[in-house]
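Each remark here refers to the structure printed beneath this line.
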Amino acid sequence: MILAVNHVFRRCTMTLRAMVQLFRFIPFVFFCALFLQGCGKEPAVKNPPKLHTYTGQVMGTWYSVKYLPPTVSDMSPEDIDSQIHSRLSRVDQLMSTYKPESEVSRFNATLPGEWFEVSVETLEVISLAQSISEKTAGAFDISVARLVNLWGFGPDPRTAQVPDEDHLFAVLIEVGYEKLELHDSELKLRKKTPLHIDLSAIAKGYGVDQVADFLDEISVPTYMVEVGGEIRTRGLKPNGKPWRIAIESPNTNQRDVHSIIDITDRAVATSGDYRNYFEKDGQRFSHTIDPKTGYPITHNLASVTVIGETAAEVDALATAFSVLGLDQAMRYAKAYNIAAYFIVKEPEGFIGKASDAFTEMTRKKL
Ligand code: FAD
């Protein structure tokens, strides 16, 4: 999980609800200190204009948008906030597997061969997902929906049980992104064989892009959009400094910062096995599923952070790299010049490994 350093600071200034949030994040208090430390130094801009902050809940998680209202616009911050909320809610309404009336849930209910009309947004997300599936040899695969549910990480009640082999196999044979057919010009989809899709590893990022593109359209000079840890930034903060993002240490017992990176005009997402998992007989089963085996990932790659142009792409790539494992993911990152940072669990502790593009982009040897 990544968190914007400022986000932690915001928690220190919010309402009682924020206080409750704050207590959930006790270890983060020192972030404030870290942030305040940062503040000690002479800011590049004296008396910087104040950022406007808008927060809320969507897609089963929280969002936070910090931005400097545009100087020339007939839209008040309240107008902009309501646009932000409606764009995120639209993604939730269209793509949620937790909402039976969503486009994705209604598509999941169709029979093989039946064409199903979808919105431009849903087709855009599925097209991107399919292209990442092709590039990652199926490590990323939105047709894992029933596997995710079977392992208790979907809309159905949590089971924290390892499914029996026969049941798992019966569900596994349904998986395969190639069994999904898209008709781009007519905005419709169909299944070649029974399958169900889950956009949880890409749609939050897409929601971030929808908000960021809107803020770009109305010439907001600087912003940071965050939905459940997926982030996109524009410009420098009003004090002239870059937006700072904390990469969390994949520690299950407490929340720690592993490193801090400056992100300007980029998107960043992290995927890992240390927040959404259950343990059975000493073995951890996380919500990242290998579509080839039907099992949660078992290797020692604990967290992957990817930086790129759009939040939807880095959201999906972070999950794909988590499935591929360090060696294959690093080879992929080098081949496509992708900025990725991997944290592996070794006997001596968590070790970070950066792709060349990551080191270059953050100009930091982490
Ligand atoms: P990521 O690593 O970004 O995604 C992991 C998720 O992707 C898994 O949980 C699984 O669903 C899926 N996945 C696993 N393996 C693969 C694979 N190999 N290829 C592709 N996908 C894979 N949660 C709720 O509790 N309540 C809600 O109402 C709710 N509504 C949502 C609505 C939408 C539109 C979306 C996108 C998600 C919603 N969620 C909801 C899910 C919640 O936000 C998830 O925790 C989140 O999507 C997982 O994101 P992450 O960053 O933790 O993990």
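Ordered by packing density, taken as the mean number of other Cβ atoms within 10 Å over each peptide's residues, highest first, how do 100-110, 125-135 rank?
With the highest mean Cβ count within 10 Å placed first, the list reads 125-135, 100-110.
Rg (Å, one decimal) plus Dmax (Å, integer) for the alpha carbons of region 149-304?
Reported Rg and Dmax, both Å: 19.4, 59.
Could you tally the net charge around ILE132, taking each other residue with its Cβ under 12 Å from the Cβ of ILE132, Lys/Arg +1 and Asp/Glu -1?
Neighbour charge sum, excluding ILE132 itself: -3.
Rounded, prolate or oblate, given the Cα gyration tensor of region 93-146, with a/c below 1.5 counting as rounded?
Prolate.
Relative contact order of the chain: what whole-number percent is it, with Cα pairs under 8 angstrom and at least 6 residues apart?
Relative contact order here is 17 percent.
Relative contact order, percent, of region 256-323 when contacts are C-alpha pairs under 8 Å separated by at least 6 residues?
39 percent
Using Cα-only point scatterers and the Debye equation, what is log10 of I(q)/I(0) for region 113-229 at each q in 0.17 Å⁻¹, rounded to two decimals?
At q = 0.17 Å⁻¹ the computed log10 ratios are -0.96.
Based on the mean of other Cβ atoms within 10 Å per residue, sort peptides 47-58, 280-291, 304-315, 191-202 so the most packed one is first.
Put in order of decreasing packing, that is 304-315, 191-202, 280-291, 47-58.
Give me P(r) over region 148-190, computed from all C-alpha to C-alpha distances, binned every 10 Å, as integer percentages.
Result, from short to long distances: 23, 36, 26, 14, 1 percent.
Can you put HIS167, HIS183 in order of Cβ neighbours within 10 angstrom, beginning with the fewest?
HIS167, HIS183
If R0 is 22 Å, what FRET efficiency do you get for LYS345 and LYS280 from their C-beta distance, rounded to 0.05?
Once rounded, the FRET efficiency stands at 0.75.
Stokes-Einstein diffusion coefficient for region 46-135 at 25 °C in a medium of 0.890 mPa s, Rh from the Kirkwood formula over Cα pairs: what value in µm²/s?
Values: Rh = 15.9 Å.
The estimated diffusion coefficient comes to 154 µm²/s.
So how far apart, in nm, are the two label points at ASP265 and GLU360 if each is 7 Å from Cα heading toward Cβ?
1.6 nm
Dipole size in debye (nearest 20) for the chain around its Cα centre, Lys and Arg Cβ +1, Asp and Glu Cβ -1?
Values: 39 positive and 46 negative charges, 290 e Å.
The dipole of the chain has a size of about 1400 debye.
Reported to two decimal places, what Rg/Rh ratio describes region 170-232 when computed on Cα atoms with Rh from the Kirkwood expression? The partial results should precede the final answer.
Details: Rg = 16.8 Å, Rh = 14.5 Å.
Rounded to two decimals, Rg/Rh equals 1.16.
Give me the base-10 log of I(q)/I(0) for the chain at each q in 0.08, 0.14 Å⁻¹, Debye formula, one uniform scatterer per Cα, rounded to two decimals.
-0.40, -1.25
I need to check one value: relative contact order of region 51-123, counting alpha carbon pairs closer than 8 Å and at least 6 residues apart, in percent.
So the answer I get is 19 percent.
Using alpha-carbon positions, what is the distance between the centroids of region 124-138 and region 256-318, in Å?
Spelled out, the Cα-based centre of one part sits 17 Å from the other.
Using a ≥ b ≥ c from the Cα gyration tensor of region 225-335 (square roots of the eigenvalues), is it rounded, prolate or oblate, where a/c under 1.5 gives rounded and otherwise the larger of a/b and b/c decides, a/b for prolate? Present the calculation step by step, with values, prior to reporting the outcome.
Numbers: a/c = 2.44, a/b = 1.64, b/c = 1.49.
Judged from the Cα gyration tensor, region 225-335 comes out prolate (a/c at least 1.5, a/b above b/c).
Per the Kirkwood definition applied to all pairs of different Cα atoms, how many angstroms is the hydrodynamic radius of region 281-340?
12.2 Å
Greater than 32 Å separation of Cα atoms is the criterion. Which listed pairs, LYS99/LYS292; LYS135/LYS241; LYS46/LYS204; LYS191/LYS280; LYS204/LYS353; LYS204/LYS345, meet it?
The answer is LYS135/LYS241; LYS46/LYS204; LYS191/LYS280.
Suppose each label sits 7 Å from its Cα in the direction of the beta carbon; what would the VAL72-THR293 distance come out to in nanometres?
5.8 nm
From the backbone phi of region 54-59, what are the Karplus-calculated ³J(HN,Hα) couplings (6.51 cos²θ - 1.76 cosθ + 1.60, θ = phi - 60°) in whole Hz, Gly and Pro given as x?
10, 10, x, 10, 6, 6
Determine, for each peptide in 139-145, 76-82, the mean count of other beta carbons within 10 angstrom over its residues, then list the peptides with the highest first.
139-145, 76-82
In region 310-366, how does Rg compare with the Kirkwood Rh, expressed as the Rg/Rh ratio over alpha carbon atoms? Spell out each step's value before the answer.
Numbers: Rg = 11.3 Å, Rh = 11.7 Å.
Using Cα coordinates only, the ratio equals 0.97.
Just so you know, all these numbers are worked out from the coordinates, no wet-lab data involved. Bear in mind the structure is a predicted one, so any value in this text is a computation, not a measurement. Glycine also receives a Cβ, built like all others from the backbone with ideal geometry; neighbour counts cover every protein chain displayed.
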